[in-house]
Amino acid sequence: MLTMMIKHCMPISLKCRWLFVSIAKAICNNIVNTTKMPNVPKRKQRPWLQGQNQHSKERMVRNKFYQTTRWRKLRAMFIKQHPLCVECNGVGQVVDHITPIKQGGDSLAWDNLQTMCHRCHNVKSGREAHQ
């Protein structure tokens with residue numbers, strides 16, 4: 001029926017087009033008003049995950065450091081001067097802390113940094129995580 005109205009109203013006049021638009025809006029409003037959105041239950045507190053939330057908060061605080069301008073500029077300068085991975089002599093993409101910050105290493109000290117490729121950095125990080 002709507003397609004008949006479109007074909008009929010298009011060549012006639014603006015008044016007919018206005019009528020079609022107002023009828024279409026009325027039909028759409030009726031459809032929207034009659035359909036209900038499903039109720040999504042709120043997330044429940046899970047006490048057994050409380051420790052996991054704490055780790056994610058700590059991770060978020062650590063990651064904020066890596067978003068600072070000072071770190072990004074230092075990282076760019078370090079990679080320019082030391083472009084190769086210290087482990088495999090491949091292309092270095094990651095600036096790694098030799099002594100991790102959480103173990104007391106200085107976060108912005110030039111002598112606590114080393115350039116590594118992603119693979120070697122992941123191996124080193126995995127080793128550190130299990131110590």
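The table that follows gives values for the structure above.
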{"item": "Filter result (out of contact with any Gly (no Cβ under 6 Å at 6 or more places or on another chain), surrounded by 11 or more Cβ atoms within 10 Å (Cβ to Cβ) and not in a helix (DSSP H, G or I)) within the stretch 68-91", "result": "T68, H82, V86, E87, C88, G90, V91"}
{"item": "Failed item, numbered, when L113 is tested on (1) surrounded by 15 or more Cβ atoms within 10 Å (Cβ to Cβ); (2) out of contact with any helix residue (DSSP H, G or I) (no Cβ under 7 Å at 6 or more places or on another chain)", "result": "(2)"}
{"item": "Within the stretch 92-124, considering residues that are modelled with pLDDT under 90 and assigned to a helix (DSSP H, G or I), the one nearest to Q81 (Cα to Cα)", "result": "I101"}
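The values are calculated or read from the model by the stated rules, or taken from the named source; none is laboratory data. Worth saying up front: this structure is predicted, and the values here are computed from it rather than measured. Every residue, glycine among them, receives a Cβ derived from its backbone with ideal geometry; neighbour counts consider all protein chains shown.
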